[in-house]
Amino acid sequence: MATIIISYFLIYTVLIGTLVLVGFFLQVKKEENYHVEKSFNLEDIVVLVPFRNEEQRIDAILDSIQQLTSFPQKFLFIDDHSSDNANKKIEQLSANYPVELIAVPSDCQGKKMALRFGMKQCSSKYLLTFDADVSFSPNYFEDLATLQESSMYLQPAIMKAETFWEHLYEIDLTLINAVNVGMAGLKRPLMASGANLLYEREVFDEVDSIEEHGKVASGDDMYLLKDYRENEKEVRLVSSPNHAIITETPQSFREFIDQRLRWLGKTSDLKDHLSTGLAILQSILTFLFFALLVYSVAQSDWEGAVILFASKMLIDFVVFFPYFKRIKRLSTWLFIPLYELLFPFYTLIILTLMFWYKPKWKGRKISHK
């Protein structure tokens, strides 16, 4: 038994240490070469903000715009058939800031279509997409202007928990982001977030495959990343908090589960073999760990169970620490032990629901396939 446990931890340490820790430092080294004194002309950037019924959440981005020290060409808010008063808040801001509000026509529906409709209403070399519930620093665009021009930049979207349980929602995404940063350092990024995504319009027009996934309501960011990758376009990832937006966590367990089911659905549809392979590897390592833990408890080897759990927590604390420190979320890093205790139950819920429960987004079905 001792030999099996030692073998498990050797394999686990090498794999997770390489994927996360080694990859993280390689990625940080890459990012040192992305910055110059000034590169992006902010007048070349239009920010697209599609929204639907965000009256209760839109204040964060509107407040952030008012605090900016530098501005892009404009913020284009695209109303996707809202039935609340979010548009009134936007109109009030447009009098004094480079903010414009448009509404999609009746035959246009969903975030993907709203974004493409917005693109046709503006002219700019680059497009930056934000979600309508994000916030960002006053220096966000000054920091953006220091990046070298590239076909696409994947920028950080950091969840920030406000309550005890929200830390568990936050840490789930943060651990995924840590792996994504590590893989970007080792090979290539696996995921993108449309909450903070910068890309060149001309390249977008060349590679966009909307006809293949237009009926899937969510996931434009991941499909676009796939389009860029398959057409061998340059994709860069930055992990510095200077380039981050802040978004709130899900506000309930059901909202959290709905969000994860949406992500799982679009990930499986993308058929990214590297991402799928890593997911299978994680599942195997997680199963083996809990099998060893359950076996120790069944044998009344309580000391062995404690040592087993403590050893894994120590490895995870060490491996993920640099990333959590970089994004300044060490308060959430401390939740790793509790999260990993709950992870098997959370996984079981997800696997059970994915076969019969179909989440909706903004009152709409995710896929019409």
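The values are calculated or read from the model by the stated rules, or taken from the named source; none is laboratory data. Small disclaimer: the values here were computed from a predicted structure and weren't measured. Cβ sites come from the backbone with ideal geometry, for glycine too, and all protein chains shown count toward neighbours.
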Specify which of the listed residues (314, 281, 351) is exposed (fewer than 14 other Cβ atoms within 10 Å of the Cβ) and modelled with pLDDT of 90 or more.
314
Of the residues in the range 303-321, how many are without any contact (Cβ under 8 Å) to a residue 40 or more places away in the chain and β-branched (Val, Ile, Thr)?
2
With 325, 358 as the choices, which residue is touching a strand residue (DSSP E or B) at 6+ places or on another chain (Cβ under 8 Å) and surrounded by fewer than 18 Cβ atoms within 10 Å (Cβ to Cβ)?
358
Of the residues that make up the range 165-183, is at least one modelled with pLDDT under 95 and part of a loop (DSSP other than H, G, I, E, B)?
yes
Filter result (surrounded by 15 or more Cβ atoms within 10 Å (Cβ to Cβ) and of a type in the set (Asp, Glu)) within the range 12-43
31
For residue 115: the one exception among (1) over 16 Å from the mean Cα position of the chain (by Cα); (2) touching a residue at least 60 places away in the same chain (Cβ under 8 Å); (3) farther than 21 Å from residue 208 by Cα:
(3)
Just checking, how many residues over the range 42-73 are out of contact with any Lys or Arg (no Cβ under 8 Å at 6 or more places or on another chain) and assigned to a loop (DSSP other than H, G, I, E, B)?
10
Going residue by residue through the range 163-170, is there one that turns out to be crowded, with 21+ Cβ neighbours inside 10 Å and of a type in the set (Asp, Glu)?
yes
